[in-house]
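The values are calculated or read from the model by the stated rules, or taken from the named source; none is laboratory data. Since we're looking at a predicted model, the values are computed, not measured. So basically every Cβ, Gly included, is an ideal-geometry build from the backbone, and we count neighbours across all protein chains shown. Surface areas here come from the heavy atoms of the whole protein model, side chains and all, with no ligands, DNA or RNA. Shrake-Rupley method; radii C 1.70, N 1.55, O 1.52, S 1.80 Å.
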Amino acid sequence: AGALDAGIAREVRTVPGLSTTLLQNERLVVAVATGHPLARRTAVGLGELKGERFIAFPRDRISRLFDHIAALLHAADVDFDLAQQAVQFPTILGLVAAHLGIAVVPESLRAFAIPGLAYLDIQDASAISRISLIYSNDMTDSPLIAKVRQACRQTMGAPEPG
């Protein structure tokens, strides 16, 4: 609608009139309750999540990340069987810690050190989430977008383009 100069989003698809700059490929991890049988492990393959119940965002609220996680699980022949849905990551993690299901979440959520919660690396190389800067095609050469892009890369530790 032209109301914003720029935004940061996950799993951006091509949209007419918008440009994107990939800022980071963030690894996804599995959050489990510490009493869960997988909690004794440090890493797991997506295929090993068969039969699990998941906690995730509602698809109608956060469709791109939901669809991305569903596709990763589908490719590993795992049903994305939802036990609960929540609209914020802290709530999702709290539900996991309460033994209501497991969740596939971005690695940066490891910063949430919630009692009763463990994080497992995912061994599948495809288990990443793309974080992108999005902006109008009209803003591609804008000094503002250049400064926002630079600030994002510095903050995220992403390399400058060669």
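Its relative contact order, with pairs defined as Cα atoms under 8 Å and 6+ residues apart, puts region 54-162 at 23 percent. Taking 7 Å steps out from each Cα toward its Cβ at residue 156 and residue 136 produces label points 2.3 nm apart.
Grab the beta carbon distance between residue 4 and residue 42, set R0 = 35 Å, and tell me the FRET efficiency rounded to 0.05.
Numbers: r = 40 Å, r/R0 = 1.14.
Result of the calculation: an efficiency of 0.30.
For the chain, give the percent of accessible area contributed by carbon and sulfur heavy atoms, probe 1.4 Å, rounded to a whole number. Roughly 52 percent, rounded to a whole number. The residues of region 11-162 present an accessible area of 53 Å² per residue when probed at 1.4 Å with all protein chains retained. Stretching the chain fully between residue 124 and residue 34 yields a gain of 30.2 nm (0.36 nm per residue, less the alpha carbon separation).
About the centre of its Cα atoms, the chain shows a dipole size close to 280 debye [charges on the beta carbon of Lys, Arg (+1) and Asp, Glu (-1) only; nearest 20 debye]. For region 46-127, the list of trypsin sites (Lys or Arg not before Pro) that fall in a loop by DSSP and count at most 12 other C-beta atoms within 10 angstrom reads 50, 61. Couplings for region 37-53, taken from phi via the Karplus curve 6.51 cos²θ - 1.76 cosθ + 1.60 with θ = phi - 60°, read x, 6, 5, 6, 9, 9, 8, 8, x, 4, x, 7, 8, 4, x, 7, 9 Hz in order; Gly and Pro are left as x.
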